[in-house]
Amino acid sequence: MSEITEITIPDGVTEIGEYAFSGLSGLTEIIIPDSVTKIGNNAFAECSSLENITLSKNITKINNAVFAGCYSLKKIDIPDGVTSIGDYAFNDCGKCVVTLPDSVTEIGEVNAFYSDDQQIIYKGETHAGFDGYNLLRIILSK
């Protein structure tokens, strides 16, 4: 299955199931339309060549391990309206820069952003990826 390099989810699809595209090592780009409101756990986990993601503006949660092991991911902007980031959501995503909207109020305590070179941008401040638990405390204190 590693020959699949790009996936465009058709407009009208509302949910991407658990493990739907997990392990597609050749996948480099995914476009998720605004009709999608839920992405299941591990949906894109271990897509090690994934570089570009366009997320639906209508999701409210990034579930557990959705992008875990996406080593090639460079940048992802989490849409406004997302309130929760699950455990391991961006675990081991290499040098990815994740920008969180102000709407995020909950972050999984178990390695949501664990990667030595990862950066998380929240309210204009940059945090190291391995420091997800402290970022959770910062968000909850505001």
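The values are calculated or read from the model by the stated rules, or taken from the named source; none is laboratory data. The shown structure was predicted, so the numbers you read here are calculated from the model rather than taken from an experiment. Cβ sites come from the backbone with ideal geometry, for glycine too, and all protein chains shown count toward neighbours.
Some notes on this structure:
- Candidate set: region 58-75, residues that are in contact with a Ser or Thr (Cβ under 9 Å, 6 or more places away or on another chain) and over 19 Å from residue 25 (Cβ atoms); chosen: the one surrounded by the fewest Cβ atoms within 10 Å (Cβ to Cβ): 60
- Pair list, Cβ under 7 Å, 6 or more apart: region 53-70 residue within 22 Å of residue 12 (Cα to Cα), other residue charged (D, E, K, R): 56/34; 57/34; 58/34; 59/38
- Pick from region 90-135, criterion among the hydroxyl-bearing types (Ser, Thr, Tyr) and modelled with pLDDT of 80 or more, ranking: farthest from residue 75 (Cα to Cα): 105
- For residue 80, the requirement of being charged (D, E, K, R), exposed (fewer than 14 other Cβ atoms within 10 Å of the Cβ), over 18 Å from residue 122 (Cβ atoms) and touching a residue at least 12 places away in the same chain (Cβ under 8 Å) is not met.
- Region 6-48, subset without any contact (Cβ under 8 Å) to a residue 40 or more places away in the chain, of a type in the set (Val, Ile, Thr) and surrounded by fewer than 17 Cβ atoms within 10 Å (Cβ to Cβ), residue nearest to residue 59 (Cα to Cα): 37
- Residue within region 56-75 that is over 23 Å from residue 106 (Cα atoms) and over 14 Å from the mean Cα position of the chain (by Cα) present: no
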